[in-house]
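Chemist: Below you'll find the structure I mean.
Where a number appears in this text, it was derived from the coordinates with a stated rule and is not lab data. Just so it is clear, the structure is predicted and the values come from calculations on it, not from any experiment. Backbone-built Cβ (ideal geometry, glycine too); neighbour counts: all protein chains shown.
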Amino acid sequence: MPKEKYESSKDRRQHRILTPEEVAAGKKTKWEALEITGTIRNVSPRLWNLNHLTALYLNDNCLQRVPAEICRLTNLLYLDLSANKLRSLPAELGDMVSLRELLLNYNHLRALPLELGRLFQLIMLGLKGNPLPSDLLTIYEDGNGTQRLLTQLLDNLHAGSPTVMPPVRPWLHLAHPERSKPGAIFSLMCYNVLCDKYATRQLYGYCPSWALDWEYRRKGIMDEIINNSADIICLQEVETEQYFNFFLLQLKQQGYDGVFSPKSRAKTMGEHERKHVDGCAIFFRTSKFSLVKEHLVEFNQVAMANAEGCEDMLNRVMTKDNIGVIALLEMREGCIDPSFNSESTPRQLLMVANAHIHWDPEFCDVKLIQIMMLMKELKKFQEEESHSFRPGSSGSQNDQPAIPLLLAGDFNSLPESGVIEYLAKGKISLNHSDFKEMDYKKLFNFSSSPEQNGHISHSFRLHSAYENTHMDFTNHTFDFKGVIDYVFYSSDFMSPLGVLGPMNCDWFESQKVVGCPNPNVMSDHFSLLVEFEMPLNFSNSVTGGGNSHIVLSRR
């Protein structure tokens, strides 16, 4: 339950006795609040089994301690322990992260456990009438005192105690390379790095403020990128200034070059504001690839060009400034198995696309149309470059694009969504529920293939590299956990040899991690890493424009 939707229980602290008629009719009671008031010194341990409670009133008693077992009341939103004789609080109180109000007024508290800082959803903290240190009371009595005090407690909690690093993610072997035949082996990493302007305590209140700071996070992010040592790196939420002053500088020292584009809003901003607009970046290892061409897909511009007076297209799709970046790469000798000796240096293009799709679940229609626009632009780009690279070529058989595609990004879409259905199956029904029955006239304008039998299709035969790998989530916050990041590949041309496996779920539980980022995980997303093998068929090589070209085929 978001903070803004929480209603204080004070006005709801009332009860009603069922009438005899209601009892006779079989009406059942439903009670979620419990009040125990008097001169109580101890409470029954059975109280802590009532985990259906959302409000517990233990005020105006003679309690001298609160047992650690209170943390078992995981659904509690309101807890009143005022006017007792408490001299200390159990650290386990900090595990009750659902709490919105915690009243501790008029006790004998001289200190607060640092673990209270973990109550990031707390709206009201009552501390009046306690002999607390003056430094805590100064913070508490100042404006927005509850949040400032919780922030200080949480910052000190993590800064003063050692943390257990998450276990190394396993490498999941999928297939052996075909060493008997020539081929190229390369890897791709996909990672939403969570840009600085989104990393706020308002969004990630469970994370210490110092661990949200970009200067702290960027080192861990770069360490992960360098340690994974991928040949191609697709990053989302990269701020413009950080791309040029940090990512590009650091990765050039590691043998990479890159391309970048910010979201479309950057065009409307001044120089200072533009530096903080995030976008998508593609880096590539220069010993294995060279850049042939880059291309930017601005979804709002494509929507405007194809709206044809459609209000939903103008009001819903065109207002979102998400983008996709395409890099056309050419393989270098370093990418090809050195055991294969060729008289001439072969050439092969590879199309890499990196996209960040709109985030809001209420706009599943926009997500679907954005990915359809991207596939249309990819086919257009592929046809133009294939013709330029191989003059006179119109593509391969069955309308399958001749240049292999790697498509990665944060698609903000679950595996059962229309976006993933469209990518994986190559088509989607015009009546799919994700279109939300919006009046998208000329919807087939965004299809990269003609409309057929009530479906819109694309011609890239794609598979998800993480299909059937038991990756249960790529994004993990307190409010959401699921798979929304993907790597798709042209299945006719390449296959995955292995992928970086999932995080250890036991670590989250044992370390009481309710979401990311945190001091050991630098983003709310987890990186994807895939190693691919691309067989090379030199027997079918063709010559055009004085160069030798490779025709690829899956065996």
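Chemist: Please tell me the relative contact order of the chain in percent, rounded to the nearest whole number, where contacts are Cα pairs under 8 Å and at least six residues apart. Let's see the in-between values first.
Modeler: Values: 1111 pairs, mean separation 72.7, N = 555.
13 percent.
Chemist: State the extension gain, in nm to one decimal, for the chain segment bounded by D223 and D142, taking 0.36 nm per residue of separation less the distance between their alpha-carbons.
Modeler: Working: separation 81, 0.36 × 81 = 29.16 nm, distance 3.94 nm.
Here the segment from D223 to D142 would lengthen by 25.2 nm.
Chemist: In terms of modelled amide H atoms, which long-range or inter-chain residues lie less than 5 Å from the amide H of W359?
Modeler: Close amide H contacts, sequence-distant or interchain: none at all.
Chemist: Please give every one of the lysines within straight-line cross-link reach of K85, meaning a C-alpha to C-alpha distance under 22 Å, and leave out same-chain neighbours fewer than 8 residues apart.
Modeler: K128
Chemist: Quick one: dipole size for the chain, taken about the Cα centre, charges +1 on Lys/Arg Cβ and -1 on Asp/Glu Cβ, in debye to the nearest 20.
Modeler: On the way: 56 positive and 67 negative charges, 186 e Å.
It comes to approximately 900 debye.
Chemist: Still on this structure, please answer the following. Rounded to whole Å and sorted largest first, list the principal axis extents of the Cα atoms in the chain.
Modeler: So the extents along the principal axes, rounded to whole Å, are 95, 56, 50.
Chemist: Could you name the lysines in cross-link range of K27, using Cα to Cα under 30 Å and dropping any fewer than eight places away on the same chain?
Modeler: The reachable lysines, counting only those whose Cα sits under 30 Å from K27, are K5, K10.
Chemist: Show the residues, 5+ positions off or on another chain, whose built amide H is closer than 5 Å to the amide H of A402.
Modeler: S396
Chemist: Could you give the dipole magnitude of segment 186-271 about its Cα centre, charging the beta-carbon of Lys and Arg +1 and that of Asp and Glu -1, in debye to the nearest 20?
Modeler: Details: 9 positive and 11 negative charges, 52 e Å.
Here segment 186-271 has a charge dipole of around 240 debye.
Chemist: With point charges of +1 on the Cβ of Lys and Arg and -1 on the Cβ of Asp and Glu, referenced to the Cα centre of the chain, which listed residue (L18, M124, N245) lies farthest in the positive direction of the dipole?
Modeler: L18
Chemist: Put a dot 7 Å past each Cα toward the Cβ at K197 and E362; how far apart are the dots in nm?
Modeler: 2.2
Chemist: Specify the inter-centroid distance of segment 102-157 and segment 199-213, based on alpha-carbon positions, in whole Å.
Modeler: 18
Chemist: Could you tell me which of the pairs K181/K427; K380/K425; K288/K380; K436/K481 are separated by over 30 angstrom between their Cα atoms in the structure shown?
Modeler: Details: K181/K427 34 Å; K380/K425 20 Å; K288/K380 26 Å; K436/K481 24 Å.
Beyond 30 Å: K181/K427.
Chemist: Same structure, new question: Based on the mean of other Cβ atoms within 10 Å per residue, sort peptides 23-30, 423-430, 56-63 so the most packed one is first. Provide the component values of the computation, followed by the final result.
Modeler: Details: 23-30: 8.8, 423-430: 17.1, 56-63: 19.2.
The peptides rank, most packed first, as 56-63, 423-430, 23-30.
Chemist: So what's segment 201-315 giving for Rg/Rh, alpha carbon basis, Kirkwood Rh from the mean inverse pair distance?
Modeler: Values: Rg = 17.3 Å, Rh = 16.5 Å.
So for segment 201-315, dividing Rg by the Kirkwood Rh gives 1.05.
Chemist: Give me the net charge for the shell around A91: Cβ to Cβ below 15 angstrom, other residues only, Lys and Arg +1, Asp and Glu -1.
Modeler: On the way: positive: R65, R72, R87, R118, K512; negative: E69, E92, D95, E115.
Taking every Cβ under 15 Å from that of A91, the sum is +1.
Chemist: Using per-residue counts of other Cβ atoms within 10 Å, averaged over each peptide, order 256-266, 276-286 from highest down. It would help to have the intermediate numbers written out before the result.
Modeler: Values: 256-266: 19.8, 276-286: 23.7.
Per-residue mean Cβ counts within 10 Å order the peptides as 276-286, 256-266.
Chemist: Run lengths n ≥ 4 of DSSP H only: what is the helix-derived mean residue ellipticity at 222 nm for the chain, with -39500 (n - 2.57) per run over all residues, to the nearest 500? Kindly include the intermediate steps, with their values, before the conclusion.
Modeler: Numbers: 11 runs with 104 residues, N = 555.
The helix-only estimate for the chain comes to -5500 deg cm²/dmol at 222 nm.
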